[in-house]
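Peer 1: Below you will find the structure I want to go over with you.
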Amino acid sequence: MTQELKDCISLNLEQKNPTLDLKLRGDVTEVPDDIGLLKHLKILRLQGNNNIMKLPDFLWELNNLEVLDIIYFNIKEISPSVEKLVNLKQLLLTYSKIEKIPESLGNLVNLKVLHLQGNQIEKIPESLGKLTKLESLYLSLNQINEIPDNLGNLTNLKTLLLSSNKIPELPESLGNLVNLTWLDFTENRIKELPESLGNLVNLERLDGSFNNIKKLPQSLEKLVNLKSIDFSHNKRFSDFFAILKNWLKKRSQRISEANS
């Protein structure tokens, strides 16, 4: 490994979670082979550049990894061999011009965090519906044009970020995500919302600005745990204040009951 690369490394193999942080310089064109020798790594963070267009195959053999964080690459797609990283709990593949996610990603059933924001993804693989341990899913800043129904299987999700895509509608199954505390679908092409959103009784933050929504579902008045709600830059809502009035009434009742 060159001295220049060594200068960019933070490596700790003595702690409970062996960790490597590596920032690759702008003139580097591939991930160093030496990393493939670190079989006991649990945490690997790689910051790349536009000259690195492929992730090496040895990466998928580091099967002790629990956290893999890839950012600022130019890799277009992820190898189906990612499924070999069976111990992964956090997978962050961000701002790397990724266009396609393999179906095999759905085999990483221990994942709790999946962040794919800042890419060029158009389609979410159906297999993501198998990741039932997920608590955090970031899909913002892509080209996604459809949310699959089986995303409603991810009932442990607490955070779902869908902003800045091309999504025309949200599936009714989203109402199954009863543990959500933050739902963001800002800046999409959504015209109406499913009534099932009223089932998300643990929501604390709801962001739906910059869409084409004309009417809000009456069921939103049931979201008494909301601390922040934003539907700015949509169509004018004739029903907004009626829903808000009922929401305030129910929230007030809930607070009174909690204090009694």
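Each value in this text was obtained by applying a stated rule to the coordinates, not by laboratory testing. All figures in this text were calculated on a predicted structure; none of them were measured in a lab. FYI the Cβ positions are ideal-geometry reconstructions off the backbone, even for glycines, and counts take in every protein chain you see.
Peer 1: Of all DSSP beta bridges in the chain, what percent run antiparallel (nearest 5)? Show your work: numbers first, answer last.
Peer 2: Numbers: 4 of 39 bridges.
Roughly 10 percent of the beta bridges in the chain run antiparallel, per DSSP.
Peer 1: Another question, if that's okay. Suppose every Lys and Arg Cβ carries +1 and every Asp and Glu Cβ carries -1, with no other charges. What dipole size does the chain come out with about its Cα centre, to the nearest 20 debye?
Peer 2: The dipole magnitude comes to about 1020 debye.
Peer 1: DSSP beta bridges in segment 1-156, what fraction antiparallel, as a percent rounded to 5?
Peer 2: 15
Peer 1: Between Ser79 and Leu13, what FRET efficiency comes out of the Förster formula 1/(1 + (r/R0)^6) with R0 = 25 Å and r the beta carbon distance, rounded to 0.05?
Peer 2: 0.45
Peer 1: In whole Hz, with x marking every Gly and Pro, tabulate ³J(HN,Hα) for segment 70-87 from phi via Karplus 6.51 cos²θ - 1.76 cosθ + 1.60, θ = phi - 60°.
Peer 2: My calculation for segment 70-87 gives 10, 9, 6, 9, 9, 9, 6, 8, 10, 5, x, 5, 4, 5, 6, 7, 5, 9 Hz in order.
Peer 1: Apply the Karplus curve 6.51 cos²θ - 1.76 cosθ + 1.60, θ = phi - 60°, to the phi angles in segment 40-45 and return the couplings in whole Hz, x for Gly and Pro.
Peer 2: Coupling constants for segment 40-45: 9, 4, 10, 10, 10, 10 Hz.
Peer 1: If you don't mind, there's one more thing I want to ask. Which GluC sites (Glu not before Pro) in segment 11-92 sit in a loop by DSSP (not H, G, I, E or B) and have at most 11 other Cβ atoms within 10 Å of their own Cβ?
Peer 2: Values: sites: Glu14, Glu30, Glu61, Glu66, Glu77, Glu83; in loops: Glu14, Glu30, Glu66.
Of the GluC sites (Glu not before Pro), the ones in loops of segment 11-92 whose Cβ has at most 11 other Cβ atoms within 10 Å are Glu14.
Peer 1: Kindly write out, for segment 16-32 in residue order, the coupling ³J(HN,Hα) from the Karplus curve 6.51 cos²θ - 1.76 cosθ + 1.60 (θ = phi - 60°), rounded to whole Hz, with x marking Gly and Pro.
Peer 2: Rounded to whole hertz, the list is 4, 10, x, 10, 10, 10, 9, 9, 8, 5, x, 9, 7, 10, 8, 6, x.
Peer 1: Using only Cα atoms and rounding to the nearest 10 degrees, what angle (0 to 90) does helix 240-259 make with the longest principal axis of the chain?
Peer 2: It works out to around 80 degrees.
Peer 1: Also, quick follow-up: What's the exposure ranking of Arg189, Arg205, going from fewest to most Cβ atoms within 10 Å?
Peer 2: Arg189, Arg205
Peer 1: Let me ask you something else. Multiply the residue separation of Asn63 and Glu103 by 0.36 nm, subtract the distance between their alpha-carbon atoms, and state the gained length in nm to one decimal.
Peer 2: Full extension of this stretch gives 12.5 nm more.
Peer 1: Match the structure shown to one of the listed values (1) 15.6; (2) 19.9; (3) 23.1 of mean projected area of the Cα convex hull in nm², computed from it, and give that label.
Peer 2: Matching the structure shown: (1).
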